[in-house]
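Undergrad: Handing you a structure now.
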Amino acid sequence: MRAYGFGAFALVLMSSVTLSAQAPAGTDFLRSTGKIYVVAAVCLVILAALFIYLIRLDRRLSNLEKRLPNE
Amino acid sequence: LAIVRSDEPGQPKRFGLSAWKWAAVVLLLYVFAAGWLVPLNPGITRVAPDRVTAGDTVELTVEGYNTLFQSGGADLRAWLRLTGDTVLQAYSVEAKDERMLSARFYVPSVFPGRQERYPLSLIIDQGARGISVLPNAVFAVPSDQPNPADMARWTTDHIGHLHKPSGWVFPFRNILAETIRNTYFHVPLWFGMILLFGLSAWHAYRYYRRGDREDDAWSVSYIQAGLLFGVLGLVTGMLWAKYTWNAYWSWDVKQNMAAIALLIYAGLMVLRGSVEDSLQRARLSAGYNLFAFALLIPLLFIIPRLTDSLHPGNGGNPALGGEDLDNRMRLVFYPAVIGFTLLGAWIAQLVYRIGKLARRT
């Protein structure tokens, strides 16, 4: 029963994936050129998050430096 | 581990940075370069029509990816494959341009075995770029007037002398296409997170054994870096899923369990923030940490394997093997795992050092 359910689910999902992969080819920027822009988006997300984290660390360090006595 | 902890003033450094941090820089530069620049195998992205009638000729228009149909030489061949050796060769293959070709087949009016629909895979081979396959490319509908003599056609065509792709290439997988490169960016984040949480749990255990506050400080630093990687892993996974599973969040067991695991660790940070007394905070968080790590293993590795999942490596899907990760991909994947883990340890160390400075002021 469960295997059937999953089979049907997988079939619906696969068909919707293939349909959507076929229908808007060229219109959907992220799906164009072999979906390479998905990889670009993933790398940009990683880079952006690392920079945001770095900026936060930098701010914490700046605050600490202000509190430290000057030598 | 001792290397990460010993990176204090006075340690040997090259150009102001210790060797393992340089290793992180070099490995990740290599991973981004190779992960982006190594080309993909050729593949088939579209076939029209996707339905053919048995006992009739059909002209298939095929769109390829990374192919050289026009300039790659005249040895362009195409087959429709039912199962095993049961194949039909195209009687004419004509390249329209580098990525488009039309292949003409005569589909026999009888098939070995009887089905309502016959799924046929399309195989295209050309010496210049090698073989590409699209499973279930077309479906054949049985003929109204089967001619038993057609059965002989199935045994005359054979697949032979296929060209393997040469040089350093990554596999072309249907639906995945270029996104197979995310294996070098999405997956190592999770490997890194698990290792960072593991280091954190080890320090929590050490805190229990020795009661050293430094262990508590290290433990929380690793959690912060691990949480950063975990959230990134989840977001990059959602992006990848949108263009392969067709939804950012499909309530897949792997996604759900990963989110729960992250919430447990986020809960640890909330717990730490709500306890005023630092000794009590350290003790509570060490205990919570060990339980959280003990939960991480079943949440990420056991439960998703027990049920159906879209995610590779779970619910019967293979991962880290076959064509999803072949030896040519491993040349990038393992450096990526090491590089991202070292980067995580670097971030954790910075968090620790800032925390240490904050305790002094």
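The values are calculated or read from the model by the stated rules, or taken from the named source; none is laboratory data. Owing to the predicted nature of the structure, the values given are computational and were not obtained by experimental measurement. Positions of Cβ are backbone-derived with ideal geometry, glycine not excepted, and every protein chain shown enters the neighbour counts. Quick note on the areas: whole protein, heavy atoms, side chains included, nothing else; ligands and nucleic acids left out. Shrake-Rupley method; radii C 1.70, N 1.55, O 1.52, S 1.80 Å.
Undergrad: Once you charge only the Cβ atoms, +1 for Lys and Arg and -1 for Asp and Glu, what is the size of the charge dipole of chain B about its Cα centre, to the nearest 20 debye?
TA: 1660
Undergrad: Another question about this same structure. With an 8 Å cut-off on Cα pairs and a minimum separation of 6 or more residues, tell me the relative contact order of segment B:229-361 in percent.
TA: The value is 19 percent.
Undergrad: On to the next question. Roughly how many debye, to the nearest 20, is the charge dipole of the protein assembly as shown about its Cα centre, given +1 on each Lys and Arg Cβ, -1 on each Asp and Glu Cβ, and no other charges?
TA: Roughly 1800 debye for the protein assembly as shown.
Undergrad: If you take the square roots of the eigenvalues of the alpha-carbon gyration tensor of chain B and sort them as a ≥ b ≥ c, do you get rounded (a/c under 1.5), prolate (a/b over b/c) or oblate?
TA: Cα axes put chain B in the prolate bin.
Undergrad: When the Debye formula is applied to the Cα atoms of segment B:52-138, each taken as the same point scatterer, what base-10 log of I(q)/I(0) results at q = 0.23, 0.25 Å⁻¹?
TA: Log-scaled intensity ratios, in q order: -1.12, -1.29.
Undergrad: Continuing with this model, one more query. Once the piece of chain linking B:TRP251 and B:ILE264 is laid out straight, how much longer is it, given 0.36 nm per residue of separation minus the C-alpha distance between them?
TA: 2.9 nm
Undergrad: Among the DSSP beta bridges whose two residues both lie in chain B, what percent are antiparallel, rounded to the nearest 5?
TA: Approximately 90 percent, going by the DSSP bridge assignments.
Undergrad: Then there is this: For peptide B:284-295, how many partner chain Cβ atoms fall within 10 Å of a residue's Cβ, on average?
TA: Mean inter-chain Cβ contacts per residue within 10 Å come to 0.
Undergrad: Over segment B:76-203, average the accessible area per residue using a 1.4 Å probe and give it in Å², no decimals.
TA: Each residue of segment B:76-203 exposes 45 Å² on average to a 1.4 Å probe.
Undergrad: What shape does segment B:266-317 have by the C-alpha gyration tensor, where a ≥ b ≥ c are the square roots of the eigenvalues, rounded means a/c under 1.5, and otherwise prolate means a/b greater than b/c and oblate the rest?
TA: Prolate, because a/c is 1.5 or more and a/b exceeds b/c.
Undergrad: Counting helices only, and only those DSSP H runs with n ≥ 4, report the 222 nm mean residue ellipticity of the protein assembly as shown as the sum of -39,500 (n - 2.57) divided by its residues, in deg cm²/dmol to the nearest 500.
TA: Helix-only estimate at 222 nm: -17500 deg cm²/dmol.
Undergrad: A further question on this structure: Between chains B and A, what is the buried accessible area summed over both chains (1.4 Å probe, protein heavy atoms, nearest 100 Å²)?
TA: Chain pair B/A: roughly 3400 Å² of buried accessible area.
Undergrad: Would you mind working out the magnitude of the charge dipole of segment B:208-361 relative to its Cα centre, with +1 at each Lys and Arg C-beta and -1 at each Asp and Glu C-beta, to the nearest 20 Debye?
TA: Dipole of segment B:208-361, to the nearest 20 debye: 520 debye.
Undergrad: Hey, can you list the residues from segment A:29-55 whose accessible area shrinks by 50 Å² or more with all protein chains present, relative to the chain by itself (probe 1.4 Å, no ligands or nucleic acids)?
TA: A:ARG31, A:GLY34, A:LYS35, A:ILE36, A:VAL38, A:VAL39, A:VAL42, A:CYS43, A:VAL45, A:ILE46, A:LEU50, A:TYR53
Undergrad: Further question on the same structure: Taking K and R as +1 and D and E as -1, what net charge do the other residues with C-beta under 10 Å from the C-beta of B:GLY72 add up to?
TA: Spelling it out: positives minus negatives among the neighbours equals -1.
Undergrad: With angles folded into 0 to 90 degrees, how steeply does helix B:327-360 sit against the dominant principal axis of chain B? Use alpha carbons for both and round to 10.
TA: Roughly 20 degrees between the two axes.
Undergrad: Averaging sequence separations of C-alpha pairs under 8 Å and six or more residues apart, then dividing by the length of segment B:1-152, give the relative contact order as a whole percent.
TA: 24
Undergrad: Sticking with this one: Quick one: of the DSSP bridges fully inside the protein assembly as shown, what percent are antiparallel, nearest 5?
TA: 90
Undergrad: For the Cα atoms of chain B, what angle does the longest principal axis make with the long axis of helix B:19-37, in degrees from 0 to 90, nearest 10?
TA: With rounding to tens, the tilt is 20 degrees.
Undergrad: While we're looking at this one, here's another question. So for segment B:113-193, averaging the separation of alpha carbon pairs under 8 Å that are six or more residues apart and normalising by length, what relative contact order in percent results?
TA: Relative contact order, segment B:113-193: 26 percent.
Undergrad: In units of 2.2 N^0.38 Å, what is the alpha-carbon radius of gyration of segment B:230-361?
TA: Its radius of gyration relative to the 2.2 N^0.38 Å reference: 1.29.
Undergrad: If packing is taken as the average count of other Cβ atoms within 10 Å, what order do B:119-129, B:206-216, B:338-348 fall into, highest mean first?
TA: Highest to lowest by the protection proxy: B:338-348, B:119-129, B:206-216.
Undergrad: Of the accessible area of chain B, with the probe set at 1.4 angstrom, what percent is carbon plus sulfur?
TA: On chain B, the fraction of accessible area on carbon and sulfur atoms equals 60 percent.
Undergrad: Compute, for B:HIS163, the solvent-accessible surface of its heavy atoms (probe 1.4 Å) with the complete set of protein chains present, and express it in square angstrom to the nearest 10.
TA: Its heavy atoms expose roughly 60 Å² to the probe.
Undergrad: What whole-number value in Å² describes the accessible area per residue of segment B:290-361 for a 1.4 Å probe?
TA: 48
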